[in-house]
Amino acid sequence: MSQIDILAIGAHPDDVELSAAGTLLKHRALGFSTGVIDLTQGELGSRGTKETRKEEAMAAAEILGLSARVNLKMADGFFEHSEENLRLIVEQIRRFKPSIVLVNAVSDRHPDHGKGSKLASEACFLAGLRRVETTWEGSPQEAHRPKAVYHYIQDRYLKPDFAVDVTDFVEQKFASIKAYKTQFWDPDSTEPKTPISGEDFFEFLRGRMAEFGRSIGARYAEGFTVERLPGVDSLFDLR
């Protein structure tokens, strides 16, 4: 598998679509390759099954034009910050050698998001230690540490450290979200109502992007927080 420029990691299938799909679509249009790692199968979700979630995730991957999508099948709701799980992510980082990794929000309504954020971030660091030994398909892997790790913002508001103008990619983003047919608004569904299954949830998503967009002079944007101070070569690189 060739290198992937931007690798997004989410605790559940649809985490990335909801918060960073516009950013992935924009960078793919700019010529960068993109991929997604889902930590769990979302099997504890109130709607659908892990089988339908898998089908939906692959449909969303097609819409996003991903070079790869991998599910690590950790335990939804119960995965731990363990050596075993860290190594699973390290293997994928070394496999795809991303320059940039996008991970879950540092804290959020769903506890898996904060857990996944810390787990993925730590794995990015460990992947760069040559004495952490891993193999892929029977061969030893070389150490690789991404240049940057950025945290996307999810259900709860967090003040972003920067925002990406995704105005031209909003409709494609919503198409990738709606690929998860069992999870979101369907007037004919008989499944239980959840905080994200109502029609108003789409209005919330659009409003959040509009809020971030207004701050940078764009119609719609996606916000991110950083772990270290980012640098620019010129003040004119900033909007």
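The values are calculated or read from the model by the stated rules, or taken from the named source; none is laboratory data. Keep in mind it's a predicted model, so treat the numbers as computed, not measured. Ideal geometry is used to build each Cβ from the backbone, glycine not excepted, and the neighbour counts take in all protein chains shown. Heads up: the accessible areas ignore ligands, DNA and RNA and are worked out on the full protein's heavy atoms, side chains in. Shrake-Rupley method; radii C 1.70, N 1.55, O 1.52, S 1.80 Å.
So what's the gap between the Cα centers of region 69-113 and region 30-53, to the nearest angstrom? Using only Cα atoms to place each centre, the spacing works out to 12 Å. Between R109 and S215, the distance separating the two model label sites (each 7 Å from Cα on the Cα→Cβ line) works out to 2.0 nm.
Comparing T52, T194, T225 in a Gaussian network model of the chain, where Cα atoms under 10 Å apart are tied by springs, the biggest mean-square fluctuation is seen for T194.
Taking Cα centre as origin and charging only the Cβ of basic (Lys, Arg, +1) and acidic (Asp, Glu, -1) residues, the dipole magnitude of region 121-231 rounds to 420 debye.
Treating each Cα of region 91-150 as an identical point scatterer and summing with the Debye formula, the log10 of I(q)/I(0) at q = 0.16, 0.23, 0.28 Å⁻¹ comes to -0.52, -0.87, -1.08. The mean sequence separation of alpha-carbon pairs under 8 Å and at least six residues apart, normalised by the residue count of region 106-196, gives a relative contact order of 20 percent.
Taking 19 Å as the limit for the C-alpha separation, the pairs K73/K178; K54/K181; K115/K193; K50/K181; K54/K178 exceed it in the case of K73/K178; K115/K193. Based on protein heavy atoms only, the chain ends up with 52 Å² per residue of surface accessible to a 1.4 Å probe. On the chain, 51 percent of the accessible area sits on carbon and sulfur atoms, based on a 1.4 Å probe.
Taking every alpha-carbon pair in region 133-214 and binning the separations at 10 Å intervals from zero gives 13, 33, 24, 19, 11, 0 percent.
Each of L7, F204, A179 was scored by the projection of its Cα onto the charge dipole of the chain, and the greatest displacement toward the positive side belongs to L7; charges sit on the C-beta of Lys, Arg, Asp and Glu. Let me know the shape class of the chain, please: from the alpha-carbon gyration tensor, a ≥ b ≥ c as square roots of the eigenvalues, rounded when a/c is under 1.5, otherwise prolate if a/b is greater than b/c, or oblate. Because a/c hits 1.5 or more and a/b fails to exceed b/c, the chain counts as oblate.
When a/c reaches 1.5 or more, the comparison of a/b and b/c decides; with that in mind, is region 37-126 rounded, prolate or oblate per its Cα gyration tensor? The shape class here is oblate. Shape class of region 103-239 from the alpha-carbon gyration tensor: oblate, with a/c at 1.5 or above and b/c at least as large as a/b. Computed from backbone phi, the HN-Hα couplings of region 186-202 come to 8, x, 9, 6, 9, 7, x, 6, 10, x, 10, 8, x, 4, 5, 5, 5 Hz, rounded to whole numbers (Karplus: 6.51 cos²θ - 1.76 cosθ + 1.60, θ = phi - 60°; Gly and Pro given as x). Dividing the helix sum by the residues of the chain, where each DSSP H run of 4 or more adds -39500 (n - 2.57), gives a mean residue ellipticity at 222 nm of -11500 deg cm²/dmol. Picking from L18, T49, L88, whose Cα lies most toward the positive end of the charge dipole for the chain (charges on Cβ: Lys, Arg +1; Asp, Glu -1)? Of L18, T49, L88, it is L88. Of all DSSP beta bridges located in the chain, what percent are antiparallel, nearest 5? Rounded to the nearest five, the antiparallel share is 35 percent.
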